[in-house]
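Encoded as structure tokens, the structure appears first; notes follow it.
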Amino acid sequence: MTEIEIPELAEIFAPRRIGPTLIIEGFGAKLTVERGQLVVHDGFAQYRRTNKLPRIDRTVQRIIITAVDGYVTLDAIQWCKEVGISIVILDPKGELLMTSERQWCEGRLHQVQVRGCIEAVRYIMRRKIQGQYEISQNPKLKTKLEELNGAQTLQEVSDIEKIAAQAYWASMRHLCVNFRDEVPEHWRQFHSRSGRGNQWTSPRKATDPLNAMLNLAYVIGYAESRLACHAMGLDTEVGLLHRPKAHEYSHSMSLDLVETIRPVIDRTLFDLIEEKQFRRRDFTETPQGQCMIGSPLDREIIERTREAIRVPIGEEAENVTHILCDASETKIDKRTPFTRNNNRNRWKKTPRRTAATTG
């Protein structure tokens with residue numbers, strides 16, 4: 001391939017601006033350590049990029065790899081762990097492959113997770129439905145919020161969530177995706193979270209651009225949720241609301257936690273489609289009709305999503321964990337690694353030294 005054949009390559013792999021989220025994309029990507037610095041190589045053909053990060057530069061918080069192929073060395077993983085950078089790897093379809101985390105283990109929290117905690121489940125659903133109501137203003141959601149307060153079983157909460165979700169997405173059918181060129185007609189209008197046609201009914205197999213963008217943003221939310229669970233000492237595989245199906249490996253607690261920030265993700269994507277006019281080349285369609293996101297749009301969605309949820313996911317992880325602490329049979333210290341509230345409260349309680357006291 002040449003630059004003439006794919007003129008947008010220069011735009012896709014233009015020199016990057018280093019921010020909190022560093023995305024590695026293209027082919028033949030490499031994450032290595034050279035002379036004590038983390039070295040990032042990515043791009044395609046003659047459009048290659050190289051960036052070097054010293055240990056003293058703490059701008060980058062997350063490295064997200066979407067490259068088709070390449071490698072990460074062991075010393076690069078160790079380097080990232082030591083400076084507090086987490087690595088997230090997505091496959092070419094946008095599914096989460098792995099996250100690297102600095103885990104805090106708290107076995108007593110795991111016991112509460114196994115027993116279940118209806119207070120935490122109600123809190124998770126309340127945050128989700130309240131956020132959906134603020135976006136849609138659908139009165140059915142307000143009714144479901146009131147019913148949620150009296151829910152005493154997991155089944156009751158699940159039934160409320162199902163009806164609320166149906167009402168919420170029905171309210172979104174007015175959403176349109178604007179294109180500057182010709183595209184399939186069903187790409188322009190949002191219909192539902194279910195895939196259209198006879199092949200797929202799951203929302204994970206998107207057949208239109210908005211659902212494809214939502215799916216990618218939700219994967220980023222899921223990855224951040226996994227990292228937050230590990231930071232709080234939660235077992236990501238023992239959910240309160242979600243339960244893995246037979247022969248299915250699932251980080252159920254991560255799926256629980258991401259529910260609290262789904263409205264934040266939705267609002268971020270809805271704002272994007274309102275302000276942006278898309279191009280046909282921003283998306284591709286498989287022979288089966290599945291809609292896939294191309295570059296550089298995928299990079300924009302990843303960066304916007306992570307920036308939008310970076311603070312809320314930490315706050316919600318702390319809130320859910322503290323509810324579980326209260327439900328424990330033994331006292332568990334309520335840690336605040338994200339908000340640092342414990343540190344601030346401790347500082348307020350410490351007497352300030354003055355000339356009179358130090359005399």
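The values are calculated or read from the model by the stated rules, or taken from the named source; none is laboratory data. Note that the coordinates shown come from a computational prediction; the quantities given were computed from them, not determined experimentally. Cβ sites come from the backbone with ideal geometry, for glycine too, and all protein chains shown count toward neighbours. Note: areas computed on protein heavy atoms with side chains; ligands, DNA, RNA excluded. Shrake-Rupley method; radii C 1.70, N 1.55, O 1.52, S 1.80 Å.
Details
- Among the residues of the stretch 234-255, the ones that are at pLDDT 85 or above, aliphatic (A, V, I, L, M) and part of a loop (DSSP other than H, G, I, E, B) come to 4 in all.
- Conditions (1) without any contact (Cβ under 8 Å) to a residue 24 or more places away in the chain; (2) of a type in the set (S, T, N, Q); (3) open to solvent by less than 20 Å² (accessible area, probe 1.4 Å): number failed by residue 100: (3)
- Total residues in the stretch 58-88 satisfying the condition of being open to solvent by 40 Å² or more (accessible area, probe 1.4 Å) and under 22 Å from residue 13 (Cβ atoms): the figure is 6.
- For the stretch 19-42, filtered to residues that are assigned to a strand (DSSP E or B) and acidic (Asp, Glu), the residue that is nearest to residue 307 (Cα to Cα) is 42.
- Close pairs (7 angstrom Cβ cut-off, 6 or more residues apart or separate chains): more than 12 Å from residue 234 (Cβ to Cβ) and of a type in the set (Val, Ile, Thr) in the stretch 323-337, assigned to a loop (DSSP other than H, G, I, E, B) and open to solvent by 70 Å² or more (accessible area, probe 1.4 Å) anywhere: none
- Residue satisfying all of: in the stretch 27-51; over 18 Å from residue 299 (Cβ atoms) and polar (S, T, N, Q); surrounded by the fewest Cβ atoms within 10 Å (Cβ to Cβ) among these: 46
- Taking the stretch 104-215 and the helices (runs of 4 or more DSSP H) fully enclosed by it, the elements with 3 or more residues that are open to solvent by less than 40 Å² (accessible area, probe 1.4 Å) and closer than 22 Å to residue 263 by Cα are at 118-136, 139-148, 154-170.
- Residue within the stretch 291-307 that is surrounded by fewer than 21 Cβ atoms within 10 Å (Cβ to Cβ), of a type in the set (Gly, Ala, Ser) and part of a loop (DSSP other than H, G, I, E, B) present: yes
- Candidate set from the stretch 238-260 (those that are surrounded by fewer than 24 Cβ atoms within 10 Å (Cβ to Cβ) and in contact with a Pro (Cβ under 8 Å, 6 or more places away or on another chain)); member that is farthest from residue 317 (Cα to Cα): 250
- Members of the stretch 261-290 that are touching a helix residue (DSSP H, G or I) at 6+ places or on another chain (Cβ under 8 Å), within 12 Å of residue 304 (Cβ to Cβ) and open to solvent by 10 Å² or more (accessible area, probe 1.4 Å): 264, 267, 268, 270
- A residue that is at pLDDT 90 or above, open to solvent by 60 Å² or more (accessible area, probe 1.4 Å) and within 24 Å of the chain's Cα centre (by Cα) cannot be found anywhere in the stretch 17-26.
- Only one of the numbered conditions (1) closer than 28 Å to residue 20 by Cβ; (2) modelled with pLDDT under 95 is violated by residue 288, and that is (1).
- Residue within the stretch 296-312 that is over 30 Å from residue 16 (Cα atoms) and at pLDDT below 95 present: no
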